[in-house]
1. Based on a Kirkwood Rh over C-alpha pairs, give the Stokes-Einstein translational diffusion coefficient of the stretch A:51-123 at 25 °C and viscosity 0.890 mPa s in µm²/s.
2. What residue of chain B sits with its beta carbon nearest the rotation axis taking B to A, and at what distance in whole Å?
3. When we measure straight from the Cα of A:K446, which lysines land under 21 angstrom away, once same-chain ones fewer than 8 places off are left out?
4. So if I restrict to the alpha-carbon atoms in the stretch B:394-438, what is the Rg, and what is Dmax, the biggest pairwise distance, in Å?
5. Note the distances from B:D314 to each other copy's matching label point, with points 7 Å along the Cα-to-beta-carbon direction, in nm, sorted shortest first.
6. Considering the alpha-carbon set of the stretch B:164-275 alone, what are its Rg and its Dmax in angstrom?
7. So which trypsin sites (Lys or Arg not before Pro) in the stretch A:194-275 end up in coil per DSSP with only 16 or fewer other C-beta atoms within 10 Å?
8. For the stretch A:366-444 and the stretch B:124-166, what is the centre-to-centre distance using only Cα atoms, to the nearest Å?
Protein chains: 2
Amino acid sequence: MTRTTPKILSGFMELLPWQQVAFNRIKDIIKDTYESFGYSPLDTPVLELSEVLLAKAGGETEKQIYRFNKGDTDISMRFDLTVPLARFVSMHQGELVFPFKRYQIGKVYRGERAQKGRYREFYQCDIDVIGNETLDISYDAETLAIIYKLFNRLGLSRFKIKLNNRRILKGFFASLALDDKITEVLRIIDKLDKIGLDNVKAELQKLGVAEEAIEKILLFVSQKGNSEEQLSFLHGLGIKDESFVSGVEELEKVLELTDFYGVPAENIAVSLSIARGLDYYTGTVYETELTDIPEAGSVCSGGRYEDLTGFYSDKKMPGVGISIGLTRLFSQLSAKGLVKPCPCVNAVVAVLPVSDSEKTAVLSFAEKLRGKGINCLTFTEDKKFKAKMNYANRIGVPFAAIIGENEAKTDSVVIKDMQSGEQKTLNLIESVEFLSAENAKILTAKPLLENIASQEE
Amino acid sequence: MTRTTPKILSGFMELLPWQQVAFNRIKDIIKDTYESFGYSPLDTPVLELSEVLLAKAGGETEKQIYRFNKGDTDISMRFDLTVPLARFVSMHQGELVFPFKRYQIGKVYRGERAQKGRYREFYQCDIDVIGNETLDISYDAETLAIIYKLFNRLGLSRFKIKLNNRRILKGFFASLALDDKITEVLRIIDKLDKIGLDNVKAELQKLGVAEEAIEKILLFVSQKGNSEEQLSFLHGLGIKDESFVSGVEELEKVLELTDFYGVPAENIAVSLSIARGLDYYTGTVYETELTDIPEAGSVCSGGRYEDLTGFYSDKKMPGVGISIGLTRLFSQLSAKGLVKPCPCVNAVVAVLPVSDSEKTAVLSFAEKLRGKGINCLTFTEDKKFKAKMNYANRIGVPFAAIIGENEAKTDSVVIKDMQSGEQKTLNLIESVEFLSAENAKILTAKPLLENIASQEE
């Protein structure tokens, strides 16, 4: 037979079992957090009609699309989950309940030039809440709370949710008579963390912004302090512009409400330089920085927008949402050693017969465990006992349950801790109870570690 | 602004929120069942190099592939999860632990001619266990047990797992001196349920099979009875062919072991006509028929094969596996009314303030619920109370928790049963306990119904 060399496309992530278990634990916590706030699941097709999907796209995005013809049909692979959401909401306005809260966790496709840390197929984990004509500001606070809950449940405490409001920026620049340059100025400011103050200054000069205005802008965007101090700075500017005033009000309201969601003040940072590149944000904007991986940039971003469905529908549909690029985040967390090691399976124990005579006792015991909601695997190949222990060891399960001639006779099990090597003989009831308790620990364990070295700083 | 009419490609399934919640409950139970037996998750890319993915393909399959070029690269979308598994196992032989048990639940793509009940994008839910050179027969019993557990956990009891062994068929046809026509004969027999005895007979005659052999074949494939009776029929044939004898032995072994997995005898039917179309099955084969939807055919099929990785690797890798086409199955179950109605969200309660003054009390209460693992949503738009109740009603959650001026003062909550309309005032602790218990009911509920009408037959 002619053999083909097995390989995958470059820029595509494919994980080995223990990595995939870790990845899925993170993905599941994101999903569970989204669901805990009552977001509906959505699962749109990966393929869309190009004319529909690309109604808005252009420039860089359009070049990256995987687009092809099948028969007479011009088809594109989705490159994000926002355009499919807009399309879905427009199609089903009459059937949805508003505010419409949806989450979608799925793969998206961008044929970018391959480079380290960039993937051509990657998971986005999105939530959006869409209003019919209007949407209360409290949803902006809820969205921030979800960011907090999510990283907290993953096991992190060392992160900042950076918060700003585009109305504040709009009003501030209007007060400097820079209305006509807002988009360019915002784009420059947005790069502050990446390129530094001096480069921002240079770019603003190149844009023709007056020196006095540049000084005010730089003071504004480099302003630091806790939320109270930032608000007091904003009030102190005495700007009367309507957009500015309403933006500050919204920001205050969001901060006030986050308290009731149990978000600690130290995880929020009002950051006046944050604008988000996308043109369509109009109010609250979020970025999330992990203290242990500042170089990752924002790992969860989003904000409030006025009009989700403009390309498909006459109705005004404002919303607020966030997105996590999970594939890249996982790769960054892994590289930093922040992902806890996992077994190859989501199971607490491998049940092993000493010899083939105990095979059926092993199957019955495993069946008992599953009946109690305990995931387990059995090894029933007719091999030497050493090979069976080696299997349990390589699979990486925390415990082995061993049944030999004596155990089968006395309805007992030897439980071996695979890490410490300790073992004890328990009767069936005791062993199920023990493994049940250990299983519960796994189910509630947090999949990420904090960077201990930097905590000792 | 020019508006584009929002629509999706034909042959693609996209569900509304309450349908998606139901779909996901089914998908989650399939996943949980696979994990409970210690299968590792696998998530291969949707896109593969055409030369790798299509190493084996040809004919009908190849015509259906979504295939395109991006730059110089010839790319195809996966059309099943078996070829990617073979490719993955071949690439990572040295890093995997054998027997390698993996599940994969993901979308696959086939650009078939559109027809009712056929989808061009659909979920496959697969498990396979792959041995290194050899694989014990006990895994064939485990696989059957997983089929049983899965449909049982979904809420069904009225189904038959049809079981056969290709070695038995091979040996039987060898005993009729039909060795050279086995593939054609099997293909004809496999259609028995679809086309009936007379048509099978006609096709066998056309193939040139002697009348006497046809009679024996028809007797063989139409044999009915419980497992014991079927085994006794097979023994009674007195066939000495080595393949036949070893096949019967395997079948007996599988049946014997399923007992220890707790599979009821009435859910298993030894069906000697089952061959499975695919050429690569060599031992045990399975099909699953839902009693309430016989016209759906087999909703979960698979079997034992000798050599998964032949196209990519020299090593012999036998395995046993099954696959469920979930998208089609869901559509069939829905059409028959066998899917329990679901709310738009995976949540038990909507928490509603009577007026804007109780908004923060609502947020705090919802936060308490989430702290106890209870999914909930809040409605915090400044609307009339009637609109809030209408929201809870349309979302479809079983309960509303209402906080008015009085409740906010006395730390209590009005819990309203949305179905019966009954309501009661509880203090915070009581209300959390009550909702926690109701939530637990939802988490353990089975998503499918049996067909009550046919149960009354």
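Each value in this text was obtained by applying a stated rule to the coordinates, not by laboratory testing. Please read these numbers as outputs of a predicted model, since none were measured by experiment. For neighbour counting, all protein chains shown are included, and Cβ atoms are generated from backbone atoms with ideal geometry for every residue, glycine included.
1. 175
2. Chain B residue with minimal Cβ-axis distance: B:F68, 2.
3. A:K27, A:K31, A:K149, A:K160, A:K336, A:K340, B:K31, B:K368, B:K372
4. Both quantities, over Cα of the stretch B:394-438: 10.5, 29 Å.
5. Ordered by distance, the counterparts are at 7.1 nm.
6. Cα-based Rg and Dmax for the stretch B:164-275 come out at 14.2, 45 Å.
7. For trypsin sites (Lys or Arg not before Pro) across the stretch A:194-275 that sit outside H, G, I, E and B with at most 16 neighbouring Cβ atoms in 10 Å, the list reads A:K224, A:K240.
8. Rounded to whole Å, the Cα centres lie 23 Å apart.
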